[in-house]
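Student: Here you go, one structure.
Here, each number is a calculation from the coordinates, and none is a lab measurement. Only a predicted model underlies this, so the values are computations on that prediction, with no experimental measurement involved. Neighbour counts run over all protein chains shown; Cβ positions are idealised from the backbone, glycine included.
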Amino acid sequence: MKDRILIVDDEADIALILGLHLEDAGYVTDRARDGMEALELLAVGGYSLMLLDIRMPRMDGMEVLREAHRLYPLLPIIMMTAHGSEPIAVEAMKRGAVDYITKPFNSEELLKSINQVLTLCRTRGENQRLQLRVEEERQKCQAIIQGMADLLVAVDRQGRVITLNKRGVELLGVSEEEALGRPLGELIRTDIQVERFPCLVVLESGEPCLDVELVLHCLQGDIQMLASGTVLYGSNGEVAGGMAIARDISALKALEQEKEDFVSMLSHDLKSPITAIIGSIDLVREARLGPINGEQKEYLESAIESCDEMVEMIDNLLDVHKLEAGKMVLSFRREESQALITKGVTRFRSMARKALLTLSTNFAPELPAVMVDRAKFLRLLGNLLANALKFTKEGGWIKVSAEVAELELVKGRIPTALYKPESLPADGRYLMVTVQDNGFGIAEGSRIMIFDRFVQARHRRRTRTGGSGLGLAFCRKMMAAHGGFIWVESELNKGSSFITLFPLLDDSGEEE
């Protein structure tokens with residue numbers, strides 16, 4: 001669309017010449033004979049620029065300038081003046097004109113001035129539109145920040161507060177104006193050192209700092225919070241500060257505690273009747289209430305095994321929750337590796353025979369002692385053996401082996417999805433206990449998640465035996481408590497190998 005220019009001059013010849021020059025340059029022009037007519041035409045609108053003569057009848061150019069600038073502040077106006085009247089033109093620019101030209105005109109200079117003014121006005125208009133959009137977005141962001149239910153605080157490179165939202169004002173008991181410019185350490189009190197608060201941590205690391213649990217000491221009391229921080233960058237791409245968002249997790253923690261209490265109560269209440277059931281079945285099986293035949297005895301033993309499985313599931317559930325809550329008490333003692341593993345395997349030999357499976361052991365010579373919790377070690381080994389019994393077909397085999405392994409030689413076999421490489425020790429000697437079978441195997445996509453709570457490999461859920469999905473979760477957490485590692489190597493329809501690494505004692509009796 002072509003720019004429309006309004007020429008305001010009482011001299012017809014000059015206005016005509018101006019119009020011809022401008023129309024040849026691609027502009028559309030209109031002419032007003034005096035100031036009054038100019039204001040009438042401006043009221044219609046649609047002009048990109050006005051060329052305004054200073055000396056005119058009825059209403060001179062200065063008066064028109066003042067009124068036009070008041071009514072249409074964004075309209076660019078170029079003053080036209082006779083030679084020698086430059087001081088008046090300069091005064092006009094002080095009052096709002098963008099430029100002036102002197103008569104007689106040089107057509108090239110005239111067109112150059114008009115083009116520069118229009119370009120400048122377009123740029124200025126675009127800048128104003130962008131500034132308006134920026135301001136709108138700023139107000140939106142400010143509304144979001146102030147409306148957040150979480151505490152938000154941002155600091156500059158020196159750790160001084162530059163933003164504090166409404167929730168932060170409520171918790172810290174200080175207005176945003178009072179907080180701005182003050183070091184964060186003067187405003188916030190937690191159970192961790194202020195240097196560990198996420199928005200300050202990111203200033204040093206340059207990396208996000210996620211999920212830091214802390215207790216905020218504030219006007220409303222002590223509040224448990226989960227805080228995360230991120231880096232703020234300036235327009236030059238350099239670090240300009242840090243921002244942290246802290247969420248109140250008191251209700252979540254209370255809910256978790258209720259869940260823990262419920263699980264503990266439920267587990268205890270479930271074990272009591274099961275224990276009574278086992279005792280009653282034992283009385284019948286031992287023929288204390290009358291003679292029983294072989295078939296009846298077999299059914300009763302099966303019932304006791306099922307009850308034992310139920311008790312084991314309950315124990316796994318309870319122990320997993322205790323480990324997660326940090327309430328599990330372990331009793332570490334020096335144990336002879338081969339004797340301890342043999343004891344754990346012996347309990348499953350009769351079950352393997354009934355399932356028509358071969359259960360064997362293979363020990364490296366002179367296995368060293370290991371520092372473990374005896375009961376938990378046997379539970380862990382029992383879970384792995386029970387797992388192998390469930391998912392190995394009749395006629396199959398299960399083998400338990402033990403040997404000494406150097407971590408640097410087996411580290412490449414440990415899945416990075418279970419243990420990040422940087423979390424593994426550089427070296428060390430470990431007792432490697434492997435429970436291997438030639439059963440159904442585990443699909444590649446399930447070999448990591450089976451160690452999570454209430455998870456079983458998809459194809460295993462279709463077998464004749466079920467489970468709670470807690471046995472392997474218990475094993476992983478128990479290995480972590482022992483400072484060891486566990487993973488599985490498997491191939492579908494060919495079997496699985498569950499591998500555990502327990503730290504070994506050095507010659508002085510300390511763990512390596």
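Student: Which peptide among 64-70, 409-415 comes first, and what is the full order, when sorted by highest mean count of other Cβ atoms within 10 Å?
Tutor: Final packing ranking: 64-70, 409-415.
Student: Assuming a ≥ b ≥ c are the square roots of the Cα gyration tensor eigenvalues, decide whether the stretch 253-322 counts as rounded (a/c under 1.5), prolate (otherwise, with a/b larger than b/c) or oblate.
Tutor: prolate
Student: Rounded if a/c is under 1.5, else prolate if a/b is larger than b/c, else oblate: which is the stretch 10-120, with a ≥ b ≥ c the root eigenvalues of its Cα gyration tensor?
Tutor: rounded
Student: A further question on this structure: On a 31 Å Cα-Cα criterion, which of the cross-link pairs Lys297/Lys390; Lys259/Lys354; Lys297/Lys494; Lys112/Lys140 come out too long?
Tutor: Pairs exceeding the cut-off: Lys259/Lys354; Lys297/Lys494; Lys112/Lys140.
Student: Test of the criteria: in the stretch 277-354, which trypsin sites (Lys or Arg not before Pro) are in a DSSP loop and have at most 13 other Cβ atoms within 10 angstrom of their Cβ?
Tutor: Passing sites in the stretch 277-354 are Arg288, Lys327, Arg347.
Student: When the helices in the chain are scored as -39500 (n - 2.57) per DSSP H run of 4 or longer and the sum is shared across all residues, what 222 nm value do you end up with, to the nearest 500 deg cm²/dmol?
Tutor: Working: 15 runs with 219 residues, N = 512.
Theoretical 222 nm ellipticity from helices: -14000 deg cm²/dmol.
Student: Right, another one. Determine the sum of side-chain charges near Val202: Lys and Arg each +1, Asp and Glu each -1, restricted to other residues whose C-beta is under 13 angstrom from that of Val202.
Tutor: Numbers: positive: Arg157, Arg196; negative: Asp156, Glu195, Glu204, Glu207.
Net charge around Val202: -2.
Student: Could you name the aspartates and glutamates in cross-link range of Lys2, using Cα to Cα under 19 Å and dropping any fewer than eight places away on the same chain?
Tutor: Glu23, Asp24, Asp30, Glu126
Student: Which shape class applies to the stretch 330-503: rounded if a/c is under 1.5, otherwise prolate when a/b exceeds b/c and oblate if not, where a ≥ b ≥ c are the square roots of the Cα gyration tensor eigenvalues? Provide the component values of the computation, followed by the final result.
Tutor: Details: a/c = 1.62, a/b = 1.20, b/c = 1.36.
It is oblate, given that a/c is not under 1.5 and a/b is not larger than b/c.
Student: Projected onto the charge dipole of the stretch 253-322 (+1 at Lys/Arg Cβ, -1 at Asp/Glu Cβ, origin at the Cα centre), which of Gly279, Met313, Gln257 gives the Cα projection farthest towards the positive end?
Tutor: Gly279
Student: With axes computed from alpha carbons, what is the tilt in degrees of helix 337-346 against the longest principal axis of the chain, rounded to the nearest 10 within 0 to 90?
Tutor: Tilt relative to the chain: about 80 degrees.
Student: Taking the Cα centre of the stretch 1-109 as origin and charging only Cβ (+1 Lys, Arg; -1 Asp, Glu), how large is the dipole, in debye to the nearest 20?
Tutor: Numbers: 11 positive and 20 negative charges, 78 e Å.
That gives the stretch 1-109 a dipole magnitude of about 380 debye.
Student: Quote the charge dipole size of the chain about the Cα centre in Debye, to the nearest 20; the model charges only the Cβ of Lys and Arg (+1) and of Asp and Glu (-1).
Tutor: Details: 61 positive and 77 negative charges, 486 e Å.
Result for the chain is approximately 2340 debye, rounded to the nearest 20.
Student: Sticking with this one: Which value, in debye to the nearest 20, describes the size of the charge dipole of the stretch 148-248 about its Cα centre when Lys and Arg Cβ atoms bear +1, Asp and Glu Cβ atoms bear -1, and nothing else is charged?
Tutor: 120
Student: Residue farthest toward the positive end of the dipole of the stretch 330-503, with Cβ of Lys/Arg at +1 and Asp/Glu at -1: which of Ala426, Gly471, Val404?
Tutor: Gly471
Student: In the stretch 224-287, what GluC sites (Glu not before Pro) fall in a loop by DSSP, with at most 14 other Cβ atoms inside 10 Å? The partial results should precede the final answer.
Tutor: Details: sites: Glu238, Glu256, Glu258, Glu260, Glu286; in loops: Glu238, Glu286.
Listed in order of number, the matching sites are Glu238, Glu286.
Student: Given Val435, Ser490, Ser331, which one lies farthest toward the positive end of the charge dipole of the chain, if we put +1 on the Cβ of every Lys and Arg and -1 on the Cβ of every Asp and Glu?
Tutor: It is Val435, whose Cα lies furthest towards the positive end.
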